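Step one of this worksheet: look at the structure below.
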Amino acid sequence: MFSQKKTSKSIIKITDTHISYLTLVKNKFGFFIDNHEMIDLPEGIIVRGEILKADVFSNIIKKMKKHFSNTLVDVILPHDYFLCKDGILDTEDTSKDIKKRIKEYFKGLSKTEDWQRTHVCEFDAFSLGKHETVLFRCLPKDVQKSYVHVLKKSGLKIQSINSELLAYGHLFPDDQVSMIHLGEKRTRVIDFKKGMYTGHKTFALSYEQLHQDIMKNVSLEKDEAEKILNKYGVLRTHKDPQVYARLMRSLTPLLEFFKKRKNKKTMRTIVTFDNMPVLGLADHVSHATHTSVENLNLFALPKYLFQDILTLHKNDSYQYQSHIAQALEYFK
């Protein structure tokens, strides 16, 4: 069915509670998802990013590795682990290798800015106006070394380590993009300028909060609350008006932020989800900003042709969006 000439990229995402992977393949017809899996991690293997049971964790990765077509992988970690810094490089001598120019930039930093010595930093370069700007994404050295060590022990080599949020940056070459990311424990509004991360703001809104909003008014177990949220989202069609009112109270800080925000007319706003999309969220933000707001669907991006997405059920695809975004960067 597929061309023999194909290239693959495997992405592993690791949190305190889950490890998941996805392999994206490209051939002459476009992209397709070759394999994917998500595994719950037993409690205590990883705590706040620190690997406490390296042998157990390594064995889990070894089992996943059997499905990879090569041993070179990218790793995605929670954004909280990263220190993000940006700097403007000297543009007088652009003939120098960018790594040499970055070394010179580090030499010129104040002694109080010792993050380049305490962290391992990867970087991306951006042309913003007349300046060449570099975004550094940095992990504490002990954290970076522990993940490199465990994956090496499992027979894998890390090509890059990225944040679950920064993985999306290259998808947005527009001037300004604001991405709303609804997660299990929090919501973040992440800003990108011509693909470069410029900052984020955190809100208490989360799947967990929305489930609690439903459970407080209706005597249900969490599984049933999840079904109600998946069916009705934050639409007015909720049968219990008290449930809808409570959900709207949880949304209010996010909506007020967008109502008061400057430059909202010139920013493109999109919504991403860690789990099932919450119906009506994009519409509420659109009403607050008086602009169009869309749910991000990576399979529908015009610059990428996905020939077969049935290997990943649509309802599950949102859990793997950061994997896919990171893999697409490899093929850019």
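Here, each number is a calculation from the coordinates, and none is a lab measurement. No experiment lies behind these values; they were computed from the predicted model shown. So basically every Cβ, Gly included, is an ideal-geometry build from the backbone, and we count neighbours across all protein chains shown.
Rounded to the nearest 0.05, what FRET efficiency do ARG236 and THR15 have when you use their Cβ-Cβ distance and R0 = 45 Å? Could you put the intermediate results ahead of the total?
Details: r = 34 Å, r/R0 = 0.75.
Once the sixth-power term is evaluated, E becomes 0.85.
Could you give the length gained on full extension between LYS262 and GLN176, defined as 0.36 nm per residue of separation minus the Cα-Cα distance, in nm? Before the final figure, lay out each step's value.
Working: separation 86, 0.36 × 86 = 30.96 nm, distance 1.22 nm.
Stretched out fully, the LYS262 to GLN176 stretch lengthens by 29.7 nm.
Just need the Rg to Rh number for region 83-140, please, alpha carbons only, Kirkwood Rh. Walk me through the numbers on the way to the answer.
On the way: Rg = 11.3 Å, Rh = 11.9 Å.
Rg divided by Rh gives 0.95.
If r is the Cβ-Cβ distance from VAL120 to LYS216 and R0 is 30 Å, what FRET efficiency results, to the nearest 0.05?
Working: r = 44 Å, r/R0 = 1.47.
For VAL120 and LYS216, the calculated efficiency is 0.10.
Per residue, what volume in Å³ does the convex hull of the Cα atoms of region 115-181 enclose?
Details: hull volume 8.0 nm³, N = 67.
It is 120 Å³ per residue.
For region 83-140, with the dipole built from +1 on Lys and Arg beta-carbon atoms and -1 on Asp and Glu ones, taken about the Cα centre, which of LEU128, TYR105, ILE88 lies farthest toward the positive end?
TYR105
About the Cα centre of the chain, how large is the charge dipole given +1 on each Lys and Arg Cβ and -1 on each Asp and Glu Cβ? Please answer in debye to the nearest 20. Don't skip to the answer; put the middle values down first.
Numbers: 52 positive and 40 negative charges, 124 e Å.
Charge dipole, the chain, about its Cα centre: 600 debye, nearest 20.
If you take the Cα Rg of region 176-296 and divide it by 2.2 N^0.38 Å, with N the number of residues, what do you get?
Numbers: Rg = 14.4 Å, N = 121, 2.2 N^0.38 = 13.6 Å.
This ratio for region 176-296 stands at 1.06.
How far apart, in nanometres, would the label points at GLU294 and ASP308 be if each is projected 7 angstrom from Cα along the Cα-to-Cβ direction?
Taking the two extended label points, one gets 2.7 nm.
How would you rank 9-21, 283-295, highest first, on the average number of other Cβ atoms within 10 Å across their residues?
Numbers: 9-21: 20.8, 283-295: 16.3.
Going from most to least packed, we get 9-21, 283-295.
Which residue, MET248, GLY199, TYR232, has the largest displacement toward the positive end of the dipole of the chain when charges sit on each Cβ (Lys, Arg +1; Asp, Glu -1)?
Of the listed residues, the answer is GLY199.
Please work out the FRET efficiency for the pair ARG48 and VAL148, using the Cβ-Cβ distance as r and a Förster radius of 25 Å; give the result to the nearest 0.05.
Values: r = 18 Å, r/R0 = 0.74.
Using R0 = 25 Å, I get an efficiency of 0.85.
How much space per residue, in cubic angstrom, does the convex hull of the C-alpha atoms of region 266-332 take up? Present the calculation step by step, with values, prior to reporting the outcome.
On the way: hull volume 6.9 nm³, N = 67.
That works out to 103 Å³ per residue.
Exposure proxy check: HIS323, HIS181 ranked by fewest other beta carbons within 10 Å? Please report the intermediate quantities before stating the final value.
Details: HIS323 28, HIS181 22.
The most exposed by this proxy come first: HIS181, HIS323.
Suppose we look only past 17 Å in the calculated P(r) of region 58-164. What percent of the Cα-Cα pairs does that tail hold?
Working: 3433 of 5671 pairs.
Taking all Cα-Cα pairs of region 58-164, the fraction more than 17 Å apart is 61 percent.
Ranking request for peptides 55-66, 216-227: highest mean number of other beta-carbon atoms within 10 Å first, then the rest in descending order. Could the numbers behind the result be given before it?
On the way: 55-66: 14.9, 216-227: 13.1.
Packing proxy ranking, top to bottom: 55-66, 216-227.
How many Å³ per residue does the convex hull of the Cα positions in the chain occupy? Display every interim value, and only then the final one.
Details: hull volume 55.2 nm³, N = 332.
With only Cα atoms used, the chain gives 166 Å³ per residue.
Work from the charge dipole of region 68-196 (Cβ charges, +1 for Lys and Arg, -1 for Asp and Glu, about the Cα centre) and give the residue of GLY169, ILE180, GLY155 farthest towards its positive end.
It is GLY155.
Determine the calculated [θ] at 222 nm for the chain from helices alone, applying -39500 (n - 2.57) to every DSSP H run no shorter than 4 residues and normalising by the residue count; nearest 500 deg cm²/dmol. Numbers along the way, then the final one.
Numbers: 10 runs with 104 residues, N = 332.
After summing the helix terms and dividing by residue count, I get -9500 deg cm²/dmol.
Past the 21 Å Cα-Cα mark, which pairs from LYS103/LYS194; LYS53/LYS153; LYS13/LYS62; LYS231/LYS264; LYS231/LYS303? List each step's numbers first, then the result.
Values: LYS103/LYS194 25 Å; LYS53/LYS153 13 Å; LYS13/LYS62 15 Å; LYS231/LYS264 30 Å; LYS231/LYS303 31 Å.
Over 21 Å Cα-Cα: LYS103/LYS194; LYS231/LYS264; LYS231/LYS303.
In what order do SER110, SER317 fall by count of nearby beta-carbon atoms within 10 Å, going from fewest to most?
Ranked by crowding around the Cβ, least crowded first: SER110, SER317.
Counting Lys and Arg as +1 and Asp and Glu as -1, each charge on the Cβ, what is the dipole of region 11-88 about the Cα centre in debye, to the nearest 20? Display every interim value, and only then the final one.
On the way: 10 positive and 10 negative charges, 83 e Å.
With only Lys, Arg, Asp and Glu charged at Cβ, the dipole is about 400 debye.
Let me make sure I get this right: for region 1-118, a, b and c are the square roots of the gyration tensor eigenvalues over alpha carbons, sorted descending. Under 1.5 in a/c it's rounded, otherwise prolate if a/b > b/c, else oblate. Which is it? Can you show the working numbers first?
On the way: a/c = 3.23, a/b = 1.34, b/c = 2.40.
It comes out oblate by the Cα gyration axes.
From a point 7 Å beyond the Cα of GLU184 in the direction of its Cβ, which residues of region 134-155 have a backbone N at a distance under 19 Å?
Output list for this probe position: empty.
Let me check I've understood the local charge: for THR198, count other residues with C-beta under 11 angstrom from its C-beta, Lys and Arg +1, Asp and Glu -1. What total comes out?
On the way: positive: LYS193, LYS194; negative: ASP86, ASP191.
Every neighbour counted, the sum reads 0.
Let's see if you can work this out: charge +1 on each Lys and Arg Cβ, -1 on each Asp and Glu Cβ, no other charges. What is the dipole magnitude of region 80-163 about its Cα centre, in debye to the nearest 20?
On the way: 16 positive and 13 negative charges, 99 e Å.
Around 480 debye, computed over region 80-163.
For the chain, set up a Gaussian network in which alpha carbons nearer than 10 Å are linked by springs, and say which option among LEU305, LEU205, LEU166 fluctuates the most.
LEU305
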